Amino acid sequence: MIIVKSREEIELMRESALIVSKTLGMIASEIKEGVTTLYLDKLAEEFIRDHGAVPSFLGLYDFPNSLCMSPNAQVVHGIPNNTPLKSGDVISVDCGAYKNGYHGDHAYSFEIGEVAPETKKLLQVTKESLYVGIREFKAGNRVEDVGNAIQKYTESHGYGVVRELVGHGLGQKMHEEPEMPNYGKKGRGKLFVEGMVVAIEPMINMGTRNIKQLKDGWTILTADGKPSAHFEHDVALVDGKPEILSTFYYIYKALGIESNEEDEFRKVPLVL
């Protein structure tokens, strides 16, 4: 069952989402060659708690950490460890925060040092596909309209779209209905209704779409060992149109990036 949110609930979810956004911005300032993912995980947990929230992932389905950190061929659900990051790595950082009874949950893939041009392109196209998908989250459309748009965009660049892992509804629980696949056929799936909130999150591989899982029970890898990229936003359906509750602004501020990519998905300027 899809749980529709009131405007008041959406504003509470925006607050949770922005705590995640600020956490990822803090990570952007700290993530570099020689740093371990376990160190970054500890920083994130402290930051989230200092902002009056609790980490959504810590203990969720028995996950052991506050961040999912998935470098290179890891797609998602990577467990932080003591291996230092090195130049040329790319890493998905997925974060959740729970405050006022609601979750925020989004992700960004970071470059460490000098990254290969073909890997940079994978990250760029995957992030672009996120917004391609968000544009289809609107009144009158259905779940697979979003997935179809993401699939067409990324496959046109020769990339593989992961099938086994999908986006999801979001609210008082981390995972609510509907599931939001990154593939599909136009006109299929559940109808979008006013007040829905979903996490849209393309998980796109440079090579095959096929994946495998490590023996730790969590870490998902590309089957061919090629890099994967992952970007995620929380989006509400407001007045029939998609409104992004999360933001990459804090990441871009830390990295010195100028961007207006989110502007079309906000009725009013982001209040920081």
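Taking Ser29, is it open to solvent by 60 Å² or more (accessible area, probe 1.4 Å) and of a type in the set (Gly, Ala, Ser)?
In short, yes.
Out of the residues in the range 203-218 that are touching a residue at least 40 places away in the same chain (Cβ under 8 Å) and among the hydrophobic types (A, V, I, L, M, F, W, C), state the one that is surrounded by the fewest Cβ atoms within 10 Å (Cβ to Cβ).
Trp218
Could you give me the residue pairs with C-beta distances under 7 Å whose first residue belongs to the range 137-153 and is without any contact (Cβ under 8 Å) to a residue 60 or more places away in the chain, whose second residue is buried (at least 22 other Cβ atoms within 10 Å of the Cβ) and aromatic (Phe, Trp, Tyr) wherever it lies, and which are 6+ apart or on separate chains?
Pairs that qualify, where the first residue is without any contact (Cβ under 8 Å) to a residue 60 or more places away in the chain and the partner is buried (at least 22 other Cβ atoms within 10 Å of the Cβ) and aromatic (Phe, Trp, Tyr), are Asn141/Phe192; Arg142/Phe192; Val146/Phe137.
Can you tell me which residue in the range 248-271 is surrounded by the fewest Cβ atoms within 10 Å (Cβ to Cβ), limited to those that are charged (D, E, K, R) and not in a loop (DSSP other than H, G, I, E, B)? Give the derivation first.
In the first step, residues of the range 248-271 are kept if they are charged (D, E, K, R); the result is 253, 258, 261-264, 266-267.
If we keep only those that are not in a loop (DSSP other than H, G, I, E, B) as well, we get 253, 263-264.
On the way: Lys253: 14, Asp263: 10, Glu264: 12.
Checking each candidate, the answer is Asp263.
Give me a count of the residues in the range 190-228 that are hydrophobic (A, V, I, L, M, F, W, C) and closer than 21 Å to Glu136 by Cα.
Residues that pass the stated criteria total 10.
Go through the range 28-82 and count every residue that is within 18 Å of the chain's Cα centre (by Cα), more than 18 Å from Ile112 (Cβ to Cβ) and not aliphatic (A, V, I, L, M).
Here the count works out to 8.
Report, by residue number, each residue of the range 78-117 that is under 20 Å from Ile251 (Cβ atoms) and either of a type in the set (Ser, Thr, Tyr) or modelled with pLDDT under 95 (or both).
Within the range 78-117, Ser87, Ser92, Tyr108, Ser109 meet the criteria.
So which of Met206, Met180 ends up being farther than 19 Å from Ile91 by Cα, modelled with pLDDT of 95 or more and within 18 Å of the chain's Cα centre (by Cα)? Steps first, please.
On the way: Met206 fails: farther than 19 Å from Ile91 by Cα.
Selected residue: Met180, the only one of Met206, Met180 that is farther than 19 Å from Ile91 by Cα, modelled with pLDDT of 95 or more and within 18 Å of the chain's Cα centre (by Cα).
Collect the residues in the range 225-247 that are in a loop (DSSP other than H, G, I, E, B) and of a type in the set (Val, Ile, Thr), keeping them in residue-number order.
Thr247
Residues checked against (1) open to solvent by 20 Å² or more (accessible area, probe 1.4 Å); (2) at pLDDT below 95; (3) closer than 21 Å to Lys226 by Cα:
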{"position": "Val125", "(1), (2), (3)": "no, no, yes"}
{"position": "Ile134", "(1), (2), (3)": "no, no, no"}
{"position": "Ala139", "(1), (2), (3)": "yes, no, no"}
{"position": "Tyr153", "(1), (2), (3)": "yes, no, yes"}
{"position": "Gly158", "(1), (2), (3)": "yes, no, yes"}
{"position": "Val162", "(1), (2), (3)": "no, no, yes"}
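Pick from the range 2-25 the residues that are among the basic types (Lys, Arg) and within 21 Å of the chain's Cα centre (by Cα): which of them is least open to solvent (accessible area, probe 1.4 Å)?
Applying the filter and picking the extreme gives Lys5.
Please go through the range 54-91 and give me each residue that is in contact (Cβ under 8 Å) with a residue 24 or more places away in the chain, in contact with a helix residue (DSSP H, G or I) (Cβ under 8 Å, 6 or more places away or on another chain) and hydrophobic (A, V, I, L, M, F, W, C), ordered by number.
Within the range 54-91, Val54, Leu67, Met69, Leu85, Val90, Ile91 meet the criteria.
The values are calculated or read from the model by the stated rules, or taken from the named source; none is laboratory data. This is a predicted model, so every value here is computed, not measured. FYI the Cβ positions are ideal-geometry reconstructions off the backbone, even for glycines, and counts take in every protein chain you see. Note: areas computed on protein heavy atoms with side chains; ligands, DNA, RNA excluded. Shrake-Rupley method; radii C 1.70, N 1.55, O 1.52, S 1.80 Å.
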